[in-house]
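Have a look at the structure below, then the notes.
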Amino acid sequence: MLFLAAHLSSFLPGWLQEPSWLRPLTHAIRLFIFQHQSGGLFFVIFLEELGVPLPAPGDAAIAYGGYLTTTGAIPYPMAYLAVISGAVLGSACNLTITRKYGRPFIRRYGRYIGLTEEKLNRAERYFKRWGPWTIIIGRHIPGMRIVISALSGILNVPYRVFTPCVLLSSAIWAAIFLELGRRLGPRVRDLLGIFPAYLFPWLGLGLVVLVIGYLAYEHGFLPKAHKGAVEPR
């Protein structure tokens with residue numbers, strides 16, 4: 001799939017390609033990995049697993065790291081270890097945060113984003129039915145890695161179950177995309193120019209916040225006591 005994406009990236013419609021304002025950020029990620037080598041690759045994967053939205057998907061970042069192993073910029077064993085350790089530590093931090101704050105957040109705001117207790121109970125039944133395979137296989141579904149970690153935290157999946165599952169899953173993930181990056185060669189840089197689809201919800205949320213802020217600024221939204229007050233003569 002990455003071969004096809006790299007080949008077709010320049011033919012994508014403009015709205016699917018990397019917007020001009022995002023290019024400096026994408027270039028910064030590529031440069032960060034190149035300059036900091038395995039440490040940079042670890043940090044990028046760690047941030048993505050933590051849930052921080054990045055201008056390039058982790059798959060493309062790993063593939064770029066795979067390409068750098070062919071140039072001698074990063075030793076392959078170090079790149080492999082960086083991806084796995086970044087994934088395990090980042091997802092563990094995600095699990096810890098959502099374990100503490102996930103349920104209260106869902107109970108208070110879940111109805112606004114389509115998450116209810118009923119849906120959580122359904123997800124819990126899937127976790128119980130399929131056990132560790134839910135995490136191992138689920139993390140390989142595009143866009144589900146961070147979601148799986150968050151759900152694991154909300155549903156109180158034990159660390160002794162979660163960590164080995166992520167370790168196995170990320171070991172497979174790292175091997176696949178590092179090897180694809182090695183085979184793609186310099187063309188792998190084109191993948192970083194494809195606009196990551198998972199950022200669309202974040203952009204939508206940002207747009208909503210901007211609209212609410214604009215309306216609040218224009219209309220004041222002052223308390224009624226202030227609006228009804230009469231200036232002294």
Q: Please work out if I137 is surrounded by fewer than 14 Cβ atoms within 10 Å (Cβ to Cβ) and farther than 18 Å from L89 by Cβ.
A: no
Q. Among the residues of region 113-123, is there at least one that is surrounded by 13 or more Cβ atoms within 10 Å (Cβ to Cβ) and in contact (Cβ under 8 Å) with a residue 24 or more places away in the chain?
A. yes
Q: Please identify the pairs in which a residue from region 133-144 that is touching a residue at least 24 places away in the same chain (Cβ under 8 Å) and under 19 Å from G51 (Cβ atoms) has its Cβ atom under 6 Å from the Cβ atom of a residue that is of a type in the set (F, W, Y) and assigned to a loop (DSSP other than H, G, I, E, B), counting only partners at least 6 apart or on another chain.
A: G143/Y198
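Listed here are the residues, each with its yes/no results for (1) among the β-branched types (V, I, T); (2) part of a helix (DSSP H, G or I); (3) open to solvent by 10 Å² or more (accessible area, probe 1.4 Å).
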site	(1), (2), (3)
I45	yes, yes, no
E49	no, yes, no
L54	no, no, yes
A63	no, yes, no
T70	yes, yes, yes
Q.
Being under 30 Å from T26 (Cβ atoms) and either touching a His at 6+ places or on another chain (Cβ under 9 Å) or modelled with pLDDT of 80 or more (or both): is that true of R160 here?
A. no
Q: Read through the list (1) open to solvent by less than 50 Å² (accessible area, probe 1.4 Å); (2) among the polar types (S, T, N, Q); (3) at pLDDT below 90, then give the number of the only condition that Q37 fails.
A: (1)
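The values are calculated or read from the model by the stated rules, or taken from the named source; none is laboratory data. On a predicted model such as this, the values are computed, not experimentally measured, just so you know. Cβ sites come from the backbone with ideal geometry, for glycine too, and all protein chains shown count toward neighbours. To get the accessible areas, we keep the full protein, side chains included, count just its heavy atoms, and leave off ligands, DNA and RNA. Shrake-Rupley method; radii C 1.70, N 1.55, O 1.52, S 1.80 Å.
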